[in-house]
Each structure stands twice: as structure tokens, then as C-alpha cells.
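Since every read-out is calculated from the coordinates, none of them should be taken as a lab result. Keep in mind that what you see is a predicted model, and the values were worked out from it rather than measured. Because the Cβ atoms are built from the backbone with ideal geometry, glycine has one as well, and the counts that use them run over all protein chains shown.
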Amino acid sequence: MAMDLARYFERIGFRGTPAASLEVLQELHALHPEAIPFENLSPFLGEAVKLDVASLEEKLVRGARGGWMQNQADQPEAYEVCDPCILSRCYRGG
């Protein structure tokens, strides 16, 4: 399942044109942490921490919640517009 990029862009406030460019990548990386903060409430709420794309989209995009660093790093679909430079994978060496 691919992430609903239109909803993701709406959630973070991206109003530009998706393109495989450094400028778009920089804008996405600036907007994402402003709109989707670090949050670790799931264990305290008794929720399982799921890392599949559908669960991440439900929590971070549709549910308007934040996520753990791992939640946010494991959604490379959000950066497909900038492929092949997926920074969340580059930093992990994956």
C-alpha cells in the first residue's frame, strides 16, 4: 500500500508541486517536523506500535498525531517525489 501523498501534503502544509528536486525535498523536510511532532503516547495508551504504511498513515496523517522517530523514518513513500534520495534511509545506511 502506498501512502496517500495528497493527504500527507495537506497534513504538513505542502502547497507546492511535487517534483523530484532538491528544493521540494528541502521543503518537505522543513514542513514535516513542524506539523508532525515527536510523540510516544502509544505505549502509555496500551496501543501496539505498528510500523506498516497503513498504520503509520492512519496515526500520523489521518489521526493527526505525532510519532516516534522510527515511525517517521519508516515512511519513505512520502519522499517518493524525491526518489532516489530518500534521506530517512540514507541516515540509517539502508
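Filter region 13-44 down to the residues that are of a type in the set (A, V, I, L, M) and under 13 Å from residue 67 (Cβ atoms) and list them by number.
35, 36, 41
Taking the condition of being surrounded by 11 or more Cβ atoms within 10 Å (Cβ to Cβ), more than 13 Å from the chain's Cα centre (by Cα) and assigned to a loop (DSSP other than H, G, I, E, B), how many residues in region 20-46 meet it?
Residues that pass the stated criteria total 6.
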